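Okay, so here's the structure we're looking at.
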Amino acid sequence: MGVWSDPVRRRWIVWTALATAFLLVNVHRLSTAVLSADLMRAFDTTGTALGTLHSAFFYVYAPMQVIAGVLADRLGIRRTATAGTVVMSLGGLAFGLADSYAVAFLARLCIGLGGSVVFIAILRFCANWFRPGEFATMNGLTVGVAGLGGILATTPLAVTVAALGVRTTLLGIGVVGLLIATIVWVLARDTPEDAGLRSLDNVPSAPTLSLREVGRNVRTVFGQRETWLAGLALFTSTGLNITVLGLWGVPYVSQVYDVSITTASTLTLLGSVGLLVGPPVAGRISDGLGRRTELMVVGAVLYTATFATLSIVGKPPFAVVGLMFFVVSFLAGGYALGYTVVKNRHGAGASGVATGAVNAVAFSGAAVFPTAMGAILDAYWTGETLAGARVYTMFGYRVMFALAAVSGLVSLACVSYLHLRTGGSGTAAEGGAVEG
Ligand SMILES: N[C@@H](Cc1c[nH]cn1)C(=O)NCC(=O)O
């Protein structure tokens, strides 16, 4: 049997094409850090305006997650992922051509809008083409792609921008995105049956639902406490990781250890490596053991302890901070099992809505923590500046990490309660029987 006619091998080819689209989502999402100086020069902006340009992506990303679930369940994977990648890439081209701040802002909104549907479409693909007992591994691998995107958005992007210039690089990423969208359209099919292949053993058939049924699923999913518990746990880990590694981690390291921004960013790069490795490992262990929430509880304990240690010690040895950034990102893998727990509570036709609901709560954290942590740092700021940028106090950073530790405790309470309610395995459709 050829690769193309064997559904077991073909699903890996299609997953790789979809995962490449998600890789681009993450490169776009995090590119503003490397591009910041060029963007400030090009549009003559303040730091606040640059922050707003960066955040524009997240303004649409979080609210779009439920819609992404509805689109994946109603329109299907192929149409949703292709359309999302096209919109994101057109936004990327517009960003590369932008000659004013307003156009750049609209382009970032467009990138966020298109990119927002890709992750949920991939999870729906995994639900349709892999067994429930393989879903956590696939979910972990997909989340790990975010780590790879985080790595590509640092030194490799900086080197490319230095060689080609910022506009050519952005236009190049946009063109690659359109190419990936074309490949997804050509390769992806919603189910093995749609591809004219035999159905896969033990993969539940996933019907395409009417809009009314999808709407009912949205209400049912949000009506279940498990959705909120898993979502709130991911609110903490996704929100904190994106904030610490993507925003406040670099000033913390450079100011407290008196090192350059470039040196400081190597430690946040270690965080992206943790995200690349941790979720696939956690997913594989979880599928191997057939257990979910116990791993989430262990992960939350270690996560909280890491931030509590950073808060108490304030300035651990330099290498230890790198290790801590790696560890908290690695442990995102435990939290990511929440997608699997919630997805497995519902019928196969509802997996987009189920994972989209969890991701909507998760990404609200990325909107809340940057401002909350910035407010803490500002509250303890003594007025000192360096080259026009605020230099924050060690005490401010310790309070910032205390907020992370307290949020970790809340997430620990959420996953513990989730464990009590679900009994740990989360491998079968355990309740909340939803249409499909
Ligand atoms: N878990 C996140 C990404 C993340 C976590 N910590 C830092 N980044 C993820 O992949 N979420 C799905 C998505 O929609 O991006």
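Looking across the range 1-58 at every residue that is open to solvent by 30 Å² or more (accessible area, probe 1.4 Å) and basic (Lys, Arg), the one that is nearest to Asp190 (Cα to Cα) is identified as Arg9. Mind checking which residues of the range 52-88 are outside any helix (DSSP H, G or I) and among the hydrophobic types (A, V, I, L, M, F, W, C)? Leu75, the sole residue that qualifies.
Taking the listed residues Leu90, Leu35, Leu23, Leu71, the one that is at pLDDT below 85 and not aromatic (Phe, Trp, Tyr) is Leu35, with no other qualifying. If we scan the range 71-83, do we find a residue that is more than 17 Å from Ala181 (Cα to Cα) and either crowded, with 18+ Cβ neighbours inside 10 Å or away from the ligand (no atom under 13 Å from the Cβ) (or both)? Checked the range 71-83: at least one residue is more than 17 Å from Ala181 (Cα to Cα) and either crowded, with 18+ Cβ neighbours inside 10 Å or away from the ligand (no atom under 13 Å from the Cβ) (or both). If only residues of the range 349-375 that are buried (at least 20 other Cβ atoms within 10 Å of the Cβ) and away from the ligand (no atom under 16 Å from the Cβ) are counted, the one that is modelled with the highest pLDDT is Ala350.
For the range 105-138, a residue qualifies if it is of a type outside the set (A, V, I, L, M, F, W, C) and more than 9 Å from the ligand (Cβ to nearest atom), and the qualifying residues are Arg108, Gly112, Gly114, Arg124, Asn128, Arg131, Pro132, Gly133, Glu134, Thr137.
Give the residue, chosen from Leu270, Leu247, that is of a type outside the set (Gly, Ala, Ser), without any contact (Cβ under 8 Å) to a residue 60 or more places away in the chain and part of a helix (DSSP H, G or I).
Details: Leu247 fails: without any contact (Cβ under 8 Å) to a residue 60 or more places away in the chain.
None of the other options fit; the residue is Leu270.
Considering only the range 229-264, state which residues are within 19 Å of Val406 (Cβ to Cβ) and more than 16 Å from the ligand (Cβ to nearest atom). Listed by number, the residues that qualify are Leu229, Tyr252.
Where helices (runs of 4 or more DSSP H) fall entirely within the range 134-201, those with at least 2 residues that are open to solvent by 40 Å² or more (accessible area, probe 1.4 Å) and free of Cβ contacts under 8 Å to residues at least 40 places away in the same chain are at 155-164, 166-187. If you scan the range 227-263, which residues turn out to be at pLDDT below 90, open to solvent by less than 30 Å² (accessible area, probe 1.4 Å) and within 20 Å of the chain's Cα centre (by Cα)? Thr243, Val244, Gly249, Val250 - these are the residues of the range 227-263 that are at pLDDT below 90, open to solvent by less than 30 Å² (accessible area, probe 1.4 Å) and within 20 Å of the chain's Cα centre (by Cα).
Looking only at the range 203-226, residues that are in a loop (DSSP other than H, G, I, E, B) and open to solvent by 30 Å² or more (accessible area, probe 1.4 Å) come to 5 in all.
Does the range 33-51 include one or more residues that are within 16 Å of the ligand (Cβ to nearest atom) and assigned to a helix (DSSP H, G or I)? It would help to see each step written out before you state the result.
To start, the set of residues in the range 33-51 that are within 16 Å of the ligand (Cβ to nearest atom) comprises 33.
From what is left, the residues that are assigned to a helix (DSSP H, G or I) are 33.
Yes.
The values are calculated or read from the model by the stated rules, or taken from the named source; none is laboratory data. Because the structure is a prediction, the values reported are computed rather than measured. Glycine also receives a Cβ, built like all others from the backbone with ideal geometry; neighbour counts cover every protein chain displayed. Note: accessible area is taken over every heavy atom of the protein model, side chains too, but ligands, DNA and RNA are not part of it. Shrake-Rupley method; radii C 1.70, N 1.55, O 1.52, S 1.80 Å.
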